[in-house]
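The structure under discussion appears below in the form of structure tokens.
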Amino acid sequence: MTVRIGVVGTGAIGRDHARRINKVLGGAKVVALSDVNRASAEAVRNDIAPDAEIFATGEELIASPDVDAVLVTSWGATHEQYVLAAIAAGKPCFCEKPLATTAEGAKRIVDTEVAHGRRLVQVGFMRRYDAGYVALKQAVDSRIGAPIMVHAAHRNPTVPEQYVTPMAIHDTMIHEIDVLRWLLDDDYVSARVLFPRSAARSHARLKDPQIVILETAKGTIIDVEIFVNCHYGYDIQCQVVGEDGIASLPEPMSVQTRLGAKLQNDILTDWKDRFIASYDVELQDFIHAAAKGTASGPNAWDGYVAAITSDACVAAQETDGAAVEIKLPTRPALYQ
Ligand SMILES: NC(=O)c1ccc[n+]([C@@H]2O[C@H](COP(=O)([O-])OP(=O)(O)OC[C@H]3O[C@@H](n4cnc5c(N)ncnc54)[C@H](O)[C@@H]3O)[C@@H](O)[C@H]2O)c1
Ligand SMILES: O[C@H]1[C@H](O)[C@@H](O)[C@H](O)[C@@H](O)[C@H]1O
């Protein structure tokens, strides 16, 4: 069976996912496109999906009988409406992070999917599919003893002017919020945020860098540095300190050179390159499950927990370093 996929939002990642569906992965084809900027959908049709129909709205695309499954890759604030429409249509739906921009919005999706009674939603937390994180998880689960501390860093070389302080949490650190919970098999109970002086390359509406300290239910303390004007590259670091040893996220493969009296490795500069293989694996997983009319991988509950945790971290940006409690509701049986 070829899963007929409709893509809502054909900007940077929508285009890239359409490319991997039509040119890299198996078992699916992009048959429908929609974007508020029609020219963007047309460009994707011309370059990647010549047979795709262009729909004026995401809702019309989702309702089309020619679409089996949906990719939601529009701006974050529009995700909720499209995911709810896909569940109402009974169609598997891959939603890029964030699942919704508020915890209430993510809860509406959880409640709707629970009422539907079957999993249809996968959230685009691709790091769970990254070979380095998978290897790190194996070491954490079986080699280094129970985790005590985690030191993590999420560094972007630069961000646009419209990127403001809370976005460091819900646009950037949301990846750590999800992947560290998965890595440790634990939940968060509190968040604190510390600000050093802002870097000279930042701007007036962005305090950058910041350090978020999360405490988990099992008593592990996690520090995450978010530095989105680090200038030197796109750099993701993660080190887990356990009872018996330390495990670190592998560096991405890069040729080492001995040149001009220097021993060097290049550092990547773009998130698209850093996680390119994991995007392929997560979408292939989505296609396999969608062919069976369901979804696997990171679920709506994970998206909801990430939203609750993000909200707590954003609140903690305003408390001068004081802890903000993170309280989770009971996990529905659908997500056990
Ligand atoms: N998993 C990851 O690593 C990762 C990486 C990049 C982006 N993202 C997420 O993917 C989403 C898109 O990011 P992007 O970088 O591609 O942004 P982008 O601005 O390049 O593209 C978004 C597209 O959505 C369209 N759009 C906006 N509102 C719409 C609506 N109501 N209906 C249909 N189309 C609409 C815009 O016109 C634009 O073409 C964001 O939520 C972002 O957080 C995830
Ligand atoms: O949307 C992007 C993407 O999620 C990247 O993985 C992250 O490093 C960026 O900070 C964010 O802006």
- Task: Past 18 Å, Cα to Cα, is the threshold; run K207/K327; K29/K292; K23/K91 against it and keep the listed order.
- Result: K207/K327; K23/K91
- Per-residue SASA entry for L194, accessible area with 1.4 Å probe, Å² rounded to 10: 80
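Arrange the residues S310, S142 by how much accessible surface each exposes, largest first, with a 1.4 angstrom probe. Let's see the in-between values first.
Numbers: S310 5, S142 90 Å².
So the residues, ranked largest to smallest area, are S142, S310.
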- Keeping all protein chains in position, work out how much accessible area R108 exposes to a 1.4 Å probe, and write it in Å² to the nearest 10. 120
- Item | Relative contact order (%) - criterion: Cα under 8 Å, at least six apart; region: the range 169-303 | 14
- Residue by residue, what Karplus-based ³J(HN,Hα) values in Hz, rounded to whole numbers, does the range 161-178 have, using 6.51, -1.76 and 1.60 with θ = phi - 60° and x for Gly and Pro? 3, 7, 7, 10, 3, x, 5, 4, 8, 7, 9, 10, 5, 4, 5, 5, 4, 6
- the range 226-256 to the range 119-170: how many Å between their Cα centroids? 10
- Listed by chain and number, the lysines with an alpha carbon less than 16 angstrom from that of K272, same-chain partners under 8 positions apart left out, are K97
- Task: Sort R143, R274 by accessible area with a 1.4 Å probe, largest first.
- Result: R143, R274
- Task: Using only Cα atoms, find the angle between the long axis of helix 300-316 and the longest principal axis of the chain, and express it within 0 to 90 degrees, rounded to the nearest 10.
- Result: 40
- Viscosity 0.890 mPa s, temperature 25 °C: Stokes-Einstein D of the chain from its Kirkwood Cα radius, in µm² per second? 118
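Would you mind telling me the share, in percent, of accessible area of the range 276-336 contributed by carbon and sulfur at probe 1.4 angstrom? Before the final figure, lay out each step's value.
On the way: 1390 of 2570 Å².
Carbon plus sulfur share of accessible area: 54 percent.
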- Item | Candidate residues M253, M1: accessible-area rank, largest first, probe 1.4 Å | M253, M1
- Query: By how many degrees, between 0 and 90 and to the nearest 10, does the Cα long axis of helix 131-142 differ from the longest principal axis of the chain?
  - Reply: 60
- Share of accessible surface on carbon and sulfur in the range 1-64, whole %, 1.4 Å probe and ligands ignored, is 49
- Message: Quick check: the distance between the Cα centres of the range 263-303 and the range 1-67, to the nearest angstrom?
- Response: 18
- Note on the structure: By the mean-Cβ-within-10 Å protection proxy, highest first, 100-107, 154-161 rank as 100-107, 154-161
- Note on the structure: The percentage of the accessible area of the range 133-248 (probe 1.4 Å, all protein chains present) made up of carbon and sulfur atoms, to the nearest whole number, is 52
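If you count only protein heavy atoms with a 1.4 Å probe, what accessible area per residue comes out for the chain, rounded to a whole Å²? Walk me through the intermediate numbers first.
On the way: 14920 Å² over 336 residues.
So the chain comes to 44 Å² accessible per residue, rounded to a whole number.
The values are calculated or read from the model by the stated rules, or taken from the named source; none is laboratory data. Treat the numbers as computed from the prediction; the structure is a model and nothing was measured. Backbone-built Cβ (ideal geometry, glycine too); neighbour counts: all protein chains shown. Just so you know, the surface numbers come from the protein's heavy atoms only, side chains and all, with ligands and any DNA or RNA stripped out. Shrake-Rupley method; radii C 1.70, N 1.55, O 1.52, S 1.80 Å.
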